[in-house]
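Worksheet for the structure shown next.
Nothing in this text is a laboratory measurement; each read-out follows from the coordinates by a stated rule. What you are looking at is a predicted structure, and each value in this text was computed from that prediction instead of being measured. Note that each Cβ is placed from the backbone with ideal geometry, even for glycine, and that neighbours are counted across all protein chains shown.
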2 protein chains.
Amino acid sequence: MAKNYAAPLADMRFLLQTQTTRDIDDAMPLLDQAASFIEQEWATVKTLGDIRGCTFDQGQVTLPAEIKAAWIRYVDAGWMGITLPEPWGGQGLSATIGTFVGEMLSSANPALSMIPALTMSACKAIIAFGSESLKQTYLPKMVAGEWTGTMCMTEAHCGSDLGLIRTTATPLDEHRFTITGTKIFISAGEHDGSANIIHLVLARIKGAPEGVKGLSLFLVPKWLPDSGHATESGVANTVSCIGIEQKMGIHANPTCTMSFDAAQGFLVGRANEGIKAMFTMMNEMRLGTATQGVGLSECAFQESHAYATERMQGKALDPARRSANQADALISHADVRRMLLTQKAFAEGGRALCLHCATLLDRAQAGGDEGQAAEKVLGLLTPIAKAFLTETGLESASYAIQVRGGHGYIRDSGVEQIYRDGRISTLYEGTTGIQALDLLGRKVLGDQAQTLLTFTKQIHQLCASIAQPDPPIDHSSHPASGVVKSLAQALHPYAREWPQLAQQVGMRALQDHDEVGAAAYDFLMYSGYVCLAYFWLRMADAARADGLEVDPRFLSAKQKTATFYFDRLLPRAQFHKVAVQAGKAALSSFEDDQWSF
Amino acid sequence: MAKNYAAPLADMRFLLQTQTTRDIDDAMPLLDQAASFIEQEWATVKTLGDIRGCTFDQGQVTLPAEIKAAWIRYVDAGWMGITLPEPWGGQGLSATIGTFVGEMLSSANPALSMIPALTMSACKAIIAFGSESLKQTYLPKMVAGEWTGTMCMTEAHCGSDLGLIRTTATPLDEHRFTITGTKIFISAGEHDGSANIIHLVLARIKGAPEGVKGLSLFLVPKWLPDSGHATESGVANTVSCIGIEQKMGIHANPTCTMSFDAAQGFLVGRANEGIKAMFTMMNEMRLGTATQGVGLSECAFQESHAYATERMQGKALDPARRSANQADALISHADVRRMLLTQKAFAEGGRALCLHCATLLDRAQAGGDEGQAAEKVLGLLTPIAKAFLTETGLESASYAIQVRGGHGYIRDSGVEQIYRDGRISTLYEGTTGIQALDLLGRKVLGDQAQTLLTFTKQIHQLCASIAQPDPPIDHSSHPASGVVKSLAQALHPYAREWPQLAQQVGMRALQDHDEVGAAAYDFLMYSGYVCLAYFWLRMADAARADGLEVDPRFLSAKQKTATFYFDRLLPRAQFHKVAVQAGKAALSSFEDDQWSF
C-alpha cells in the first residue's frame, strides 16, 4: 500500500530561515496547519479519486464523492484565498507561503489541486485586467472558493499554436459579447463542486486580425449575473459541457469539452490584447506546475524511502550495512540509494528554485525598479522551473516504480498513479518544447542574454564569496567548509559557460533561426541542471551557518545531498551542452520521404 | 486514433542482408507473412485488450475475447513453434528469424506476446534439462501452442532475491514431488486460451541448503498426465489461481497469484540445480524483453511520425520548411525531429543489437569452440540488451506522448498505452539494477574483462578497417565515406575507454565490493550507448556498400540517423562515465536516520 504523504515541513522551515527574510515564527504555524489539513483531508483520498474518476451524464459532471467532499472542506476551512488580496476576501499572504502550500496540495492530490490552482490564477487575471464591475461581481465568490475558475484556450485543431483559435466573439455593447466556439481539454470545465464556474476564454472578435494579435480574453460564467450579481439562482448561460476525456491519470479532475453557443461573455482587458491577459494566468499556472514537479519528486521520494527501508531483499555488498538476516533492506543497496538520492536532490533543489521564484514574484508585485528587475529574472526562471522540474519530477516518479520492482507496476502500490498523474505536467501549460523555445528564443536571445547575465552574476558572486578564506570566527572550523568550497569551485565555470553557450547559439541563429529550435530543449535542460546546482550550493552554504536551530543530522544531509547532486546529476549538463553545440545539421537533414519505408 | 502498426520489414531486410550471412530470398517471405498476420490479427486488438482486460471469477481467468481469438489464430496458423526444434513439431528456424518475429509480436501486442514468449522459453528449458519422458509428454503440445507455459519464481516476500524462496517440494519418488507454496506475478498463470498450462516452478526440496543453491526446478501441469500422457481430460492437479492483479498496463495478460497445494510436480534437471535450469528460460526471456524494448521504440516512432506529419501546429523556424499555410506540420519543428530521431535511432540500433545477439545464440547452439566463444559474448550482451533497450524503449514511449502534447495523455490517442504497457519491461525478468549487477559484477569483473576485451577488439577492428584509405574500386567515391570515417574516429576512443572504466571500478572493488553496486547502473548505461554506437557504425558502413538492392533514400537515412546518434545520443555515455568514476562516496554517506525529517 502507498505510504501516507507527510509534508516536508523541516525542509520548508530551513528554506524560509536561510533563503528568505521571512520570520519563521510567523510562517511556520500556518504551514503546520496547512500540512495537517492536507495530509488528513487530501492525501487520504488520492487513490479513491483515481479509482472512481469523474462521470458525465447529459452535460452534468460528477466528481468522485470523496474528492468533492475534500474540496468543500478546503473551501470551508478558508484555504482558497490565502495568497489572494485582502480586499477581495483573501488573506494576502506572500507567494513564498503560497508556493509551499501549492506544493503540498499537488503532492497530496494532484488531480484536486488543479481546481484551486486554476481558480487562483483566474482571480489574478481578473485582478490585473478585469473591470471594477467584473471584480466586484466575481472575485469575492471566487476568492472564497464558492465559485471555481477555468482557462479556456485549446481547440481541437490548436494546442500550442493559439494563433489558430477560431472561437468568435460578437459585440453586444462595449463590454458584452456573445462567444461561440468549442474548447477542449478544459480542466474542471464542469463539475458539481462549485455553485458557478467562471471561464476565462480566448476568442477572436469578428474582424480582428489573424494570429495571436487578434485574440481577446472574455469572462464567461456558467450562471449569468442577475441584476448585477452573478448567482447560482441567476440565468443559465449557453455554456455546456459536451463530454469528458478518458485519460492516463488525474482521473479525479474532469477534462471537459466545452461548447459556447452564443454564450454571454465580458471582455477582460482590452480588445486584441487577450494573450497578454491570458499570460498573467498562464505564468501563474506555469509556476504552479513547477511546484507540481517538486511535489512529484517529493511524493516519489517518500514512497521510495518508505519501501526501501521496509523491504528486505538481497544481501548488502557494503560490509558496514550487512546484517545477520537472510536479506538486508533495499536501502542498503547502492543503486537503490542512487535512485532515492536522485529523487531527494530534485525535490529539495526544485523546492529552493520554486521558493526563489516566489520571492521574485513577491518583489515584482511590490513594483518599482527592483520589482521590474525581479520580474525579468522571474521571466527567465519560469520556463526553466516549469519544464525542468516536471521533467525531473517524472524521472523521480518513474524511480518510485523502479525501486519497487514488479510491485511498483501494481495499482495497489499507489506509485504507478504518481507517474500517471504526473505525466500531464510536461504537457499542459505549455509542453517542455514550448518552454524551451520561450527560454532560449524570448527570454535569453530576445534580450541579448542580459537577464541571464544578471542571474549568472549572482552565481559568480556566491562562488567568489565562498572561495574567500574563512573569517576566523565563522565557518572555518565547520567540517563542511571544505565540501562547500569544492562545490563552489565546481559550479564557477558553469556561470561563465552558460551565457557563452547562449551566445554560440545566438551567433548561429543569425544565419538560421531554426538553430534556436534545434538547441532549445538541450539548452533548457542544461540551464535546469546549472540552476539547481546554484540552489544546492546556496543550501549547502547555508547549512554550515552558525546559530541555525536545526537538527544537525538535517544539515549534514543537506551537504551530502548537495555533494551527490554535484557528483552525479550536474554532469548531465555537459551532455546537454554537447547536444546544443551539435547544432541543427543532424536534425534537419531528413527529407520528408526518408522517414519510413 | 492510434496508427496501425506496420512491421519494419525494410530495415529487417537490410539487416539480414548486411549483418548476417542469411539468404534473404529464403528469409523474407516468411517475415512478410509474419508481418501481415501480426499487423492484421494482433495489432488490431491491442487497444481492445487494454480496455477490456482479464476477468477473474472463482479461480477461472478469462482473456478478453478478441485477445483469445487472436491467440487461437496464431496457434492455428502454426506460428508458435517456428524457432523450436523440428523433432518436437517446430520448424527449427534460426534465432535471427525468431528475434524479428518476436519484435513484431511485442510491438503489435505486448500483452499477448508474453504468452508465446513464456511458452517458448519454457520449451527451451524442458529441452535442455527435462527427462525424455517429460519431453515426450509436454513438448509436442507446447510447441504446437495447444498448451502454454509459465515461469513461477516470485513469492510475496522475494522478487529479485530468489534465495528467499519458501515453496517446498516433498519427494514422492526420484522424479515426482509434491509442491506447496504460493507464487505471485505469474503471467498467464491461468487463462482460457489453453487446454493445459505447464508451470515451471522454483522450489526447495525439504532439507536442501538455504539460498539459491538449494533450489530445484519442477514442471507442474494444471492437468496431470493420464496413463502417461498429460491431457485436458486427465486429472486436475492441485494448482489454482487465487487472484489476478490490477496493474498499470498489459491488461490483456493476467498476472496471477498461483497456489500450489501439494501439487504434483516433476523434477527438471538435477536437484538443487534449479537456478541453472531456470536461467536457460530466463536468458531467453531477457533477450525477448530486449526485443520488446526495440518494439516499444519502433511502435512509438511510428505513432509519432504519423502524428507529426499530419498535425499542423506552429510556423516552421526553418525557412526551407515554411509553407504558405497558417501552420506547418509538427515534423517541421527541430525539437519534434529530435524526438522522432531519438526513437528511430533506438529502434534501429536496438534491432541491430538484438539481431547480433540472435546470431550469437544460433552460433552458441551449434556448439564447439566457436559456440562457447559466442555464448560468452552473448552472456555479456544479454544484460546490456535487456536493460538498455527497455530503458531507451521507455524514453521513446514517453516521447510518443510528448510529441502529441495534451492529446498524448488521452486514452483514445493510443500512445499512453504504449508507455503503460512498456513500463513493465524494465521491471520484469530482472530489473535494470539486477541487469547492471549481472553485467558489471559477473560478466565483466567476474572474468577479468576478458569477454569485454574480445568484444571491444571487434570495435577496434571495425574502426581500424574503416580508417584505411579506400581501395580505388570500393567506397571512395561514395559521398557517405567521409561521414563513416568520422563516425569511426569518434567511436574508436570508446573501445579503449570502456574496458579501462571497468578496470577502474575493479581496482576500487578490491577494497570495497560495494563500489560495484555504486557503479553498476551507470556502467550499464555507458555500455549500452557505446554498444549501440558500434552497431550504428556497422550499419552506416554497410549502407555505403555497392550492390545492395536497397532504396537509396533508405541508405541515406541510415547514414543520417547514425550521425544523429553520434551527435546527440552517444555523448550521454560521457555523463555515465563521470558518474561511474564518482564512486560510492556520495551514495554511501547517508546514515539511516538522515533520510527524512
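What residue of chain A sits with its beta carbon nearest the rotation axis taking A to B, and at what distance in whole Å?
Checking which Cβ lies nearest the axis yields A:F575, 2.
Starting from the alpha-carbon convex hull of the protein assembly as shown, give the projected area averaged over all orientations, in nm².
The number I arrive at for the protein assembly as shown is 45.8 nm².
Give me the angle, in degrees from 0 to 90, between the Cα long axis of helix A:334-366 and the longest principal axis of the Cα atoms of chain A, rounded to the nearest 10.
50
List the residues whose amide H sits under 5 Å from the amide H of A:L548, counting only those 5 or more places along or on another chain, with H placed 1.01 Å from N in the peptide plane.
Those lying under 5 Å, H to H, from A:L548: there are none.
Mind computing the radius of gyration and Dmax over the alpha-carbon atoms of segment A:291-368? Å is fine for both.
18.3, 66
At 0.692 mPa s and 37 °C, plugging the Kirkwood radius over alpha-carbon pairs of segment A:40-133 into Stokes-Einstein gives what diffusion coefficient in µm²/s? Write down the numbers at each step before the final one.
Working: Rh = 14.5 Å.
For these conditions, the coefficient is 227 µm²/s.
Under a straight-distance cross-link criterion of Cα-Cα below 17 Å, which lysines are reachable from B:K558, leaving out those fewer than 8 residues away in the same chain?
Correct list for B:K558: B:K344, B:K485.
In degrees between 0 and 90, to the nearest 10, how far off the longest principal axis of chain B does helix B:514-542 point, with axes built from Cα atoms?
Approximately 60 degrees, to the nearest 10.
Relative contact order, percent, of chain B when contacts are C-alpha pairs under 8 Å separated by at least 6 residues? If you can, show how the numbers build up before the last one.
Numbers: 1072 pairs, mean separation 71.8, N = 597.
Reported as a whole number, the value is 12 percent.
Per residue, how much space in cubic angstrom lies within the convex hull of the C-alpha atoms of segment B:549-597?
Per residue, the Cα convex hull of segment B:549-597 comes to 135 Å³.
Step through the residues of segment A:399-416 one at a time and calculate ³J(HN,Hα) from phi using the Karplus curve (6.51 cos²θ - 1.76 cosθ + 1.60, θ = phi - 60°), rounding each to whole Hz and writing x for Gly and Pro.
Here the 3J(HN,Hα) series is 5, 4, 6, 4, 4, 8, x, x, 4, x, 7, 8, 3, 4, 5, x, 7, 5 Hz.
What is the Å³ per residue value for the convex hull set by the Cα atoms of segment B:237-339?
Normalising the Cα hull of segment B:237-339 by residue number yields 150 Å³.
What would the Debye equation give as log₁₀ I(q)/I(0) for segment A:127-239 at q = 0.13, 0.14, 0.23 Å⁻¹, counting only Cα atoms as equal point scatterers?
The calculated log intensity ratios at q = 0.13, 0.14, 0.23 Å⁻¹ are -0.50, -0.58, -1.40.
Along the charge dipole of segment A:118-223, which of A:W147, A:G181, A:S216 sits closest to the positive end, that is, farthest toward it, with unit charges on the beta carbon of Lys, Arg, Asp and Glu (+1, +1, -1, -1)?
A:S216
Could you derive backbone 3J(HN,Hα) for segment A:369-381 from the dihedral phi with the Karplus parameters 6.51, -1.76 and 1.60 (θ = phi - 60°), listing whole Hz in sequence and x where the residue is Gly or Pro?
Once rounded to whole Hz, the list reads 4, 4, x, 5, 5, 4, 4, 5, 5, 4, x, 5, 7.
Taking H as built 1.01 Å from N, whose amide H comes closer than 5 Å to the amide H of B:I82, not counting residues under 5 places away?
B:Q91
State the Cα centre-to-centre distance between segment A:267-339 and segment B:503-579 in whole Å.
29
Per residue of B:565-576, count partner chain C-beta atoms within 10 Å of its C-beta, then hand back the mean as an integer.
5
Can you put B:T426, A:T55 in order of Cβ neighbours within 10 angstrom, beginning with the fewest?
Working: B:T426 27, A:T55 13.
Least crowded to most crowded, the residues run A:T55, B:T426.
Using r as the Cβ-Cβ distance of B:D592 and B:Q500, and R0 as 22 Å, what FRET efficiency do you calculate, to the nearest 0.05?
Details: r = 35 Å, r/R0 = 1.60.
Computed FRET efficiency for B:D592 and B:Q500 comes out at 0.05.
Could you go through segment A:577-592 in sequence order and give the Karplus-derived ³J(HN,Hα) for each residue, using 6.51 cos²θ - 1.76 cosθ + 1.60 with θ = phi - 60°, rounded to whole Hz, and x for Gly and Pro?
4, 4, 5, 4, 5, 5, x, 7, 3, 5, 8, 9, 7, 5, 7, 4
Between A:A271 and B:L30, what is the spin-label point distance in nm, taking each point 7 Å from the Cα along the Cα→C-beta axis?
7.3
Let me know the charge dipole size of segment B:338-495 about its Cα centre in debye, to the nearest 20, where only the beta-carbon of Lys, Arg (+1) and Asp, Glu (-1) is charged.
Result for segment B:338-495 is approximately 360 debye, rounded to the nearest 20.
With only Lys, Arg, Asp and Glu charged, each at its Cβ (+1 for the first two, -1 for the last two), find how big the charge dipole of chain B is about the Cα centre; round to the nearest 20 debye.
Numbers: 51 positive and 62 negative charges, 197 e Å.
Charge dipole, chain B, about its Cα centre: 940 debye, nearest 20.
For A:W223, enumerate residues with amide H under 5 Å from its amide H, sequence gap 5+ or separate chain, H modeled in the peptide plane.
Answer set, sorted by chain and number: A:I197, A:N237.
Report, in debye and to the nearest 20, how large the dipole of segment A:224-367 comes out about its Cα centre when Lys and Arg carry +1 and Asp and Glu carry -1 on their Cβ.
Dipole about the Cα centre, nearest 20: 700 debye.
With a/c under 1.5 counting as rounded, go ahead and sort segment B:1-75 into rounded, prolate or oblate using the C-alpha gyration tensor (a ≥ b ≥ c being the square roots of the eigenvalues; past the cut-off, prolate if a/b is larger than b/c, else oblate).
It comes out prolate by the Cα gyration axes.
Across segment B:467-597, what fraction of all alpha-carbon pairs, as a whole percent, falls in each successive 10 Å bin from zero upward?
Histogramming segment B:467-597 at 10 Å steps yields 11, 32, 24, 16, 10, 4, 1, 0 percent.
Using label points projected 7 Å from each Cα along Cα→Cβ, tell me how many nm separate A:D412 and A:S131, to one decimal.
Reported label-point gap for A:D412 and A:S131 is 5.9 nm.
Considering only the label points, 7 Å along Cα→Cβ from Cα, what distances in nm to one decimal separate A:T21 from the same position in each other copy, shortest first?
Copy-to-copy label distances at A:T21, shortest first: 7.9 nm.
Kindly give the semi-axes, whole Å and largest first, of the ellipsoid equivalent to segment A:341-429, taking each as the square root of 5 times a Cα gyration tensor eigenvalue.
Equivalent ellipsoid of segment A:341-429: 34, 12, 9 Å, largest first.
What area, in nm² and to one decimal, does the C-alpha convex hull of chain B cast on average over all directions?
Working: hull surface 119.7 nm².
One quarter of the hull surface, i.e. the mean projection, equals 29.9 nm².
Evaluate the distance, in nm, between pseudo-label points positioned 7 Å from the Cα of A:E174 and of A:A69 along their respective Cα→Cβ axes.
A separation of 5.1 nm, rounded to one decimal place.
Measure nothing but the geometry: give the 0 to 90° angle between the long axis through the Cα atoms of A:552-564 and the longest principal axis through the Cα atoms of chain A, rounded to 10°.
90
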